[in-house]
Amino acid sequence: MILLRRKYLFYTLALLSGIFTSLMVATDVWITVRVVPNPYVFALCSFMVGSIVHVLILIIATAKMNRKKFIGTVLDPNFLGFFIPKNGLLKHLILAGLGNAISTISYVYVVALTQDPSSVLPFTNLVTAYLIIGDLMIEKEKPVLIEVHAFFMIILGAILVSLSRGIINLAGLALVLGPMNLGTFLYVYEQKKARTIKIRGKRYDSINLRVWSLLFTTIFVIIMAPLIVGPESIVLSIVISIAHFFVIALDMLLAFFAYVLYIRALGMGKMSVVNALVSVSVVISLPLTLILAWVFPDVYILPDLSGVFGLVRIIGIIFVFLGMTALSFSEVVGYILIKSRPGSGSKLLKKLSTIKGVEYVSATAGKYDYIVRIKIRSLGKAYENVLQKIIKIEEIIDFVWISVLKEWELV
Amino acid sequence: MDKVNAYILINVKVGTTAHVFNELSKIDEATHISLTAGEFDIIVRVTVNSLEELFNLTEKIHKIDGIIKTVTHVVEKELSKTEI
């Protein structure tokens with residue numbers, strides 16, 4: 001068992017996801033240059049092979065390590081084994097798959113439409129701004145000013161790092177800002193919703209979530225792509241998938257790790273924060289592309305680091321790191337231990353749960369009747385948003401505030 | 001069968017927090033360990049299979065050097081942020 005500081009775990013998951021994303025992007029480039037130049041066929045091949053790879057991973061993860069634990073618990077302690085989604089969970093996974101398919105097809109369309117897609121693709125980082133609105137919808141709480149500053153620093157930094165000399169194609173830009181980013185938004189939003197559903201007392205695990213959302217994405221991509229490039233693309237994709245199975249499988253294996261870590265981070269923090277942290281992949285991609293362009297000059301293009309462009313990229317990297325540091329300012333975490341009047345029951349449970357900053361409320365048997373966990377940006381906010389509300393609840397006889405100084409969580 | 005979740009609120013002797021934390025981190029059933037300021041010094045959240053397992057676990061915790069007092073609270077019902 002490993003116990004990690006909760007804050008470090010969150011940042012480690014999001015940043016590791018960024019590293020896997022940059023490795024995946026490098027493999028994508030290799031495949032599109034050397035194996036499948038047609039972006040539509042590449043998307044179809046990725047999802048077809050990806051479905052096989054992900055189902056195999058799910059089978060391996062469901063094997064038992066010892067009598068008690070599944071192998072998958074190494075990657076996600078919540079892993080429950082093979083689990084067929086139903087009802088609300090199924091709806092979230094289908095919508096996540098639809099969002100991912102819309103985003104993928106739009107990406108492919110942008111690559112096919114614009115001569116230099118690298119001039120518009122950096123604007124995919126703006127999806128974080130869409131996610132801030134999503135966080136508002138889920139958490140019903142405005143992001144604090146420092147969070148908004150940090151988001152924009154990271155977004156602008158990521159755009160600066162990945163800028164190219166190409167002329168911005170307006171149709172391509174509209175596609176990125178419209179269906180592509182909206183598709184990504186739907187994908188992230190529905191994954192967050194699915195991740196927070198509890199099954200047998202635990203959050204729905206990231207491995208099942210990734211596998212099922214990918215399977216639904218594959219179905220939607222297989223329906224959508226032939227409408228644009230014709231049904232023969234399916235046959236061609238099957239042939240290429242068989243011929244180049246292993247290299248595409250490696251790409252999808254990297255995608256699996258990138259997304260599982262991303263989904264785990266999503267379960268711990270705001271969507272916009274996770275996404276902003278994963279944007280670090282553009283910074284990691286820079287040295288990675290430099291090395292790859294040196295080793296494989298025929299596949300990778302050397303990033304322009306001369307003159308003003310070099311300076312702009314350095315400014316971008318500084319922005320990304322400044323933004324991340326600002327985001328990592330610690331939140332105030334605390335517990336409130338409550339004694340209540342007899343018979344207050346579920347009414348009090350509901351009242352407590354509507355208070356801003358409350359993560360969860362546990363009705364307990366013991367000296368105290370309720371243990372409330374609070375996570376909020378500052379002690380001042382804890383006073384205004386939480387304590388001021390608590391003292392007004394008449395069912396509460398007494399309460400004790402306990403501040404968390406450091407915290408470890410099971411990894 | 002549903003798992004049993006519980007909070008174990010702990011008071012420790014001055015200067016033994018690090019030692020107690022190290023011992024607590026060896027417990028497989030601990031899902032969160034928080035070092036706190038206030039009425040208690042450490043709050044541990046555990047997940048076990050049964051109340052009997054919880055009893056055995058608290059017995060084990062009582063044997064850790066430096067612990068003065070523990071108060072165990074079994075979770076009967078819980079609402080998380082997403083269900084709210």
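Being of a type in the set (Lys, Arg), at pLDDT below 90 and under 21 Å from residue A:248 (Cβ atoms) is the requirement here; does residue A:67 meet it?
Working: of a type in the set (Lys, Arg): yes; at pLDDT below 90: yes; under 21 Å from residue A:248 (Cβ atoms): no.
No: the conditions fail for residue A:67.
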Q) Is the range A:204-215 home to any residue that is under 19 Å from the mean Cα position of the chain (by Cα), surrounded by fewer than 21 Cβ atoms within 10 Å (Cβ to Cβ), modelled with pLDDT of 90 or more and more than 14 Å from chain B (Cβ to nearest Cβ)? A) yes
Q: Say whether the condition of being away from every other protein chain (no Cβ under 14 Å), farther than 30 Å from residue A:279 by Cα and at pLDDT 80 or above is met by at least one residue in the range A:327-342.
A: yes
Q. Quick one: how many residues across the range A:372-404 are among the aromatic types (Phe, Trp, Tyr) and in contact with a strand residue (DSSP E or B) (Cβ under 6 Å, 6 or more places away or on another chain)?
A. 2
(Q) Tell me yes or no: at least one residue of the range A:67-78 is outside any loop (DSSP other than H, G, I, E, B) and more than 22 Å from the chain's Cα centre (by Cα). (A) yes
Q: Could you list, in sequence order, all residues of the range A:275-304 that are in a loop (DSSP other than H, G, I, E, B), over 20 Å from residue A:11 (Cβ atoms) and touching a helix residue (DSSP H, G or I) at 6+ places or on another chain (Cβ under 7 Å)?
A: A:299, A:300, A:301, A:302, A:303
Q | Residue ID - surrounded by the fewest Cβ atoms within 10 Å (Cβ to Cβ), chosen from residues in the range A:376-411 that are at the interface with another protein chain (Cβ under 7 Å from one of its Cβ atoms) and farther than 13 Å from residue B:37 by Cβ | A | A:410
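Yes/no matrix, rows are residues, columns are (1) more than 10 Å from chain A (Cβ to nearest Cβ); (2) among the aromatic types (Phe, Trp, Tyr):
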{"residue": "B:17", "(1), (2)": "no, no"}
{"residue": "B:23", "(1), (2)": "yes, no"}
{"residue": "B:40", "(1), (2)": "no, yes"}
{"residue": "B:64", "(1), (2)": "yes, no"}
{"residue": "B:73", "(1), (2)": "no, no"}
{"residue": "B:76", "(1), (2)": "no, no"}
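The values are calculated or read from the model by the stated rules, or taken from the named source; none is laboratory data. Note that the coordinates shown come from a computational prediction; the quantities given were computed from them, not determined experimentally. Ideal geometry is used to build each Cβ from the backbone, glycine not excepted, and the neighbour counts take in all protein chains shown.
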